[in-house]
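Read the structure below first, then the notes.
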Amino acid sequence: MQLPRSARVHLAGHRGLVGSALVRHFRSEGFEDLMLYGSDRVDLRERDAVRRLYADRRPRVVVLAAARVGGIAANSARPVDFLSDNLRIQVNVLDAAREFGVEWLLFLGSSCIYPKLAPQPIPESALLTGALEPTNDAYAIAKIAGLLHVQAMRRQYGLPYISAMPTNLYGPNDNLDVTTSHVLPAMLQRTHEAHTRGDATLTHWGSGTPRREFLHVDDLARACLFLLENYDGDAPVNVGCGEDIELRELAELIAEAVGYRGAVAWDTARPDGTPRKLLDTSVINALGWKPEIALRDGVRRTYDWLRTRL
Ligand SMILES: NC(=O)c1ccc[n+]([C@@H]2O[C@H](COP(=O)([O-])OP(=O)(O)OC[C@H]3O[C@@H](n4cnc5c(N)ncnc54)[C@H](OP(=O)(O)O)[C@@H]3O)[C@@H](O)[C@H]2O)c1
C-alpha cells in the first residue's frame, strides 16, 4: 500500500550517506513532514531522549539509518562502541516506536553481517548459518540483534516492521576519511589526487582481483520506500544491484570518470579480503524493484560531488 504523503516520517541518521539519500528521495516523493534530528540534538543512545522525541512528535513512519558505522580499523579498535552504541540506538528507537504508535518502520542491516563463508550470491537464508567475520563481529552481533528485534516486534505485537540488508553503498556524503573510508570512495580519492598531481602511476591496495558489488545510495533510498510500501514479511530483504565487478575493472571506470590517463599498479602486500561478495537479490527483484543507476554513471556523479568537497 502507498504510505500517506502527509505522514510524519522520522529519518534517523539524516546527515549520513544513507540518511541524506533518504531525505532526497522522500522529499522528491512528496513527503513534507520529515523529522530530521542530528545526534547533537537527540542522541539516540539516550533512552529518555528518544522517548521524549517520539512522545512529542509522534512519527508515523521511521527509517532507522542512524548507526555507529566504520571500517575494519575502527571496528577492531573499538568493538565495545560498535556493540553498545548500535544496540542502544536500535532498542531505544524500536521500543519508542512501539510505545508511541509508529505504524511503519524499516531497520537497516548490512551485508557484512552474513557469515564469512556464506554461499555466493548470498541469499537471505544465509543469516546465522555460520561464523562471522571476526574483524566486525561486535557490529554484526548488534545488527543481528536489531533484525531479531524487528522480527520479535512482528511476532509479539503484530507490528508490520521490516528490515533491509543493503550491499556496499556509495554516493554523495560518503565518508572521505582515508583511514576509515570504504573501497570505492578511497579509490576515487586516490585517483583524483594522482590526477591532480600529474602522477605517471597510481597504486591501489591489494591485487585488484576481488569482486565486489556496489549500489548507488539513491537506489537504496528508492528501495527503502519501495519495501515499506510493498513488503510485509519477517525475513530481512537483500538490496543490491545483482552484479559484482572486479576491482581492476572498477579502477578503470574510476580513472575514466576522473580523466586520469596514467598507469594503475596494485600493492599486493595489502590484504584482499574475501574473493567475492555478492547478494542474491531475487526476493526484491520478484517484488518488482530493480536499481536504476549504472555503476559508470553513479561513479561519475559521486566524483562530481567529491570534487566539491576536496
Ligand atoms: N555505507 C554502506 O556501505 C552501508 C552498507 C550496508 C548497510 N549500511 C547501513 O546503513 C545505515 C547507515 O549507514 P551510513 O553509511 O549512512 O552511515 P553514516 O554515513 O556514518 O551515517 C550514520 C548516521 O548515524 C547517525 N548517528 C550515529 N550515532 C548516533 C547517535 N548516537 N544518535 C543519533 N544519530 C546517530 C549520525 O548522525 P550525525 O551525523 O547527526 O552525528 C550519522 O548521520 C547503517 O545502519 C549501516 O549499517 C551502510
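Read-outs throughout are calculated quantities, based only on the coordinates presented, and are distinct from any laboratory measurement. All values reported here derive from a predicted model rather than from experimental measurement. So basically every Cβ, Gly included, is an ideal-geometry build from the backbone, and we count neighbours across all protein chains shown.
Here are the numbers:
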quantity: Segment residue 80-residue 268, extension gain: residue separation times 0.36 nm, minus the distance between their alpha carbons; calculated: 64.5 nm
quantity: The stretch 79-153: relative contact order in percent, alpha carbon pairs under 8 Å with at least 6 residues between; calculated: 45
quantity: Additional length obtainable on full extension of the chain from residue 199 to residue 52, 0.36 nm per residue less Cα span; calculated: 47.5 nm
quantity: Highest to lowest packing among 285-297, 151-163, scored as the average C-beta count within 10 Å; calculated: 151-163, 285-297
quantity: Residue 177 paired with residue 39, simple spin-label distance in nm, labels 7 Å along Cα-to-beta-carbon; calculated: 0.9
quantity: Helix runs (DSSP H) in the chain reaching 24 Å along axis by Cα, Kyte-Doolittle at least -1.0; calculated: 79-99, 137-157
quantity: Bins of 10 Å from zero: percent of alpha-carbon pairs in the stretch 141-256; calculated: 12, 33, 28, 17, 8, 2, 0
quantity: Cα-based shape type of the stretch 236-310, given that a ≥ b ≥ c are square roots of the gyration tensor eigenvalues and the cut on a/c is 1.5; calculated: oblate
quantity: Calculated log₁₀ intensity ratio I(q)/I(0) where the Debye formula runs over C-alpha points of the stretch 36-143, q = 0.09, 0.14, 0.15, 0.23 Å⁻¹; calculated: -0.27, -0.63, -0.70, -1.19
quantity: Estimated inter-spin distance, residue 292 and residue 261, nm [label 7 Å along Cα→Cβ]; calculated: 3.6
quantity: Beta bridge orientation in the chain: antiparallel %, DSSP, nearest 5; calculated: 5
quantity: Kirkwood-based Rg to Rh ratio, the chain, C-alpha trace; calculated: 0.97
quantity: Loop-resident sites, the stretch 219-262, for trypsin sites (Lys or Arg not before Pro), counting at most 15 other Cβ within 10 Å (DSSP); calculated: 261
